[in-house]
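Report on the following structure.
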Amino acid sequence: MKMSTLNRILFFFYLFLMIIMLSMLFVMSIGLWPLRGLMADIELYGWPWLALLSVLLLVISFKYLFLSIVPPKIQSTLLKNTEMGMIRVSVNTLDSIAQKAVKSFAEVKDVKTSVSPETDGVRIRVVLFIMPEVNIPELTLAVQARVKEQIEDISGISAKEVQVYVENVPMAQRGKIE
């Protein structure tokens, strides 16, 4: 499950407060902080803050309980709606099509792809690991064209953008002269 920034912040806050509360419970259980001392501190700072903190922790607990029970939504891209129902193509299928299209180039050693579905098509990011002494502008243009063509021809889904990033260009090894 991928967590958004807000969920990460909430989860951090929740865990931080739980650590503090469990530490306080431990200290009280071994007798270092008597229960009467805790009650005096609560009366000093007020019950409304404790009630607000309790409600906040309860809401966050239910949120994460719900997130753990609900299955993750399968990412798919709508191809078309027919009389018999919807036809969907999974993001993994589109990813496989893109990888197969790129691996057909002899100049490519390895490839990583990611597909982002949108309402009117997909955006594809391709990371290339290429052989030494390859014409990079020529290869990247050919990769973009082939990936776009393959995605659109095989799946019928519009490839809105194909971003190509060259990750590693190893230097050619020259033989030693002895």
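No value in this document is a laboratory result; all are computed from the given coordinates. The shown structure was predicted, so the numbers you read here are calculated from the model rather than taken from an experiment. Counting neighbours? That spans all protein chains shown, and the Cβs are built from the backbone with ideal geometry, glycine included.
Quick look at the numbers
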item: Highest-first arrangement of 136-149, 93-106, 57-70, where packing means the average Cβ count within 10 Å; result: 93-106, 136-149, 57-70
item: Cα gyration tensor category, rounded, prolate or oblate, for region 76-168 with a/c compared to 1.5; result: prolate
item: Choice from N168, N81, N92 with maximal GNM fluctuation in the chain (Cα, 10 Å cutoff); result: N81
item: DSSP-defined antiparallel bridges as percent of all bridges, region 76-168, nearest 5; result: 65 percent
item: Nitroxide proxy distance, nm - points 7 Å out along Cα→Cβ at M84 and F11; result: 4.1 nm
item: Cα gyration tensor shape of the chain, rounded if a/c is under 1.5, else prolate or oblate by comparing a/b with b/c; result: oblate
item: Sequence-distant aspartates and glutamates (8 or more away, or on other chains) whose Cα lies within less than 12 Å of K109; result: E167
item: Mean Cβ neighbour count within 10 Å, used as a protection proxy, ranking 31-41, 121-131 highest first; result: 121-131, 31-41
item: Reach of K148 by Cα under 18 Å, taken over aspartates and glutamates that are not fewer than 8 positions away in the same chain; result: D95, E118, D120, E138, E161
